Amino acid sequence: MSPLKDHLDEVLARASGRGLKRLLVPGVDEASSFEALSLTRQVRAVKTFAAVGVHPHDVKDLKEGIPEELLSLGENESVLAIGETGLDYYRNLSPRDVQREFFIKHIEWAKCVGKPLICHVRDAYDEVLEILKVEGASEVGGVLHCFQGEMEHAKKAIDMGFYISFACTITYRKNENLRRIAASIQPENILCETDSPYLSPEGLRGKPNEPANVGYVYETIATLRGIEVEELAEVVFDNSMRLLGW
Ligand SMILES: [Zn+2]
């Protein structure tokens with residue numbers, strides 16, 4: 001969230017202006033997890049909630065395992081999910097075996113605190129789905145965030161009680177396959193996000209992304225499905241309520 005931090009009041013005012021009521025801010029390491037929690041205690045234009053975890057890019061630094069202080073954050077009532085966690089075989093910033101080890105640890109953690117998982121996946125859908133299955137992650141469910149997989153991956157995830165979350169990448173010209181998936185899975189399985197400050201929508205690429213831009217995701221999916229944005233937003237809000245209980 002760093003490029004947005006210095007202008008947080010304006011960023012959240014714009015989000016509120018677009019009708020956003022609640023935001024989930026995921027940590028990617030210990031420091032950002034604590035920051036996400038501290039944000040939940042501040043009075044801002046939009047109420048925020050936290051997810052806590054260590055991103056697969058950063059698990060290489062966890063020589064002593066997940067720190068106790070971070071693990072205990074999972075119990076906090078403003079922490080609604082465990083993540084980001086998962087596997088990133090595209091950038092490989094942590095060794096793959098270390099990524100796998102800590103992905104499994106995050107699943108155990110989520111089951112222990114009874115909270116859903118926010119999964120980051122790049123070039124590793126088959127393996128992520130296999131691990132979620134073997135580790136019994138359907139007990140807590142979760143979301144495949146910023147989904148970029150194939151239809152069969154979406155179906156398998158949905159069968160395990162996971163949601164498919166679309167980000168502004170769905171607006172990119174080349175992502176025809178992603179739009180096909182968003183048009184054909186049930187709205188009850190969809191979530192929408194921005195992954196701010198990354199992956200700004202088509203037309204705004206190169207600028208930091210921000211929560212208000214989630215409107216582009218809703219508009220794209222609603223148009224694909226031939227429904228009103230408000231209708232989609234209502235279903236997606238109910239989905240987020242079922243997953244996060246916020
Ligand atoms: Zn991610």
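Numerical summary
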quantity	calculated
Condition check for Ser2: crowded, with 17+ Cβ neighbours inside 10 Å and either within 16 Å of the ligand (Cβ to nearest atom) or among the aromatic types (Phe, Trp, Tyr) (or both)	no
Index of the failed condition, Cys168 passing every other in (1) more than 16 Å from the ligand (Cβ to nearest atom); (2) touching a Ser or Thr at 6+ places or on another chain (Cβ under 9 Å); (3) closer than 28 Å to Ser200 by Cα	(1)
Check on Ala45, part of a helix (DSSP H, G or I) and not aromatic (Phe, Trp, Tyr)	no
Any hit, segment 97-104, residues being aliphatic (A, V, I, L, M), closer than 23 Å to Ala50 by Cβ, touching a helix residue (DSSP H, G or I) at 6+ places or on another chain (Cβ under 8 Å) and within 16 Å of the ligand (Cβ to nearest atom)	no
Some residue of segment 166-189 being of a type in the set (Asp, Glu), at pLDDT 95 or above and not in a helix (DSSP H, G or I)	no
Every pair of residues 6+ apart whose Cβ atoms lie under 9 Å, when the first sits in segment 4-24 and is under 14 Å from Leu39 (Cα atoms) while the second is among the charged types (D, E, K, R) and part of a helix (DSSP H, G or I)	Lys5/Glu35; Val11/Lys5
Answer residue from segment 190-211, given it is surrounded by fewer than 18 Cβ atoms within 10 Å (Cβ to Cβ) and more than 16 Å from the ligand (Cβ to nearest atom) and is farthest from Arg18 (Cα to Cα) among those	Gly206
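A quick yes/no check of all residues on (1) surrounded by fewer than 23 Cβ atoms within 10 Å (Cβ to Cβ); (2) within 16 Å of the ligand (Cβ to nearest atom):
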position	(1), (2)
Lys111	yes, no
Gly114	yes, no
Cys119	no, yes
Arg122	yes, yes
Val128	no, yes
Ala137	no, no
Gly141	yes, no
Leu144	no, yes
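The values are calculated or read from the model by the stated rules, or taken from the named source; none is laboratory data. Predicted, not measured: the structure shown is a model, and the values here were computed from it. Heads up, the Cβs are rebuilt from the backbone with ideal geometry, glycines too, and the neighbour counts pull from every protein chain shown.
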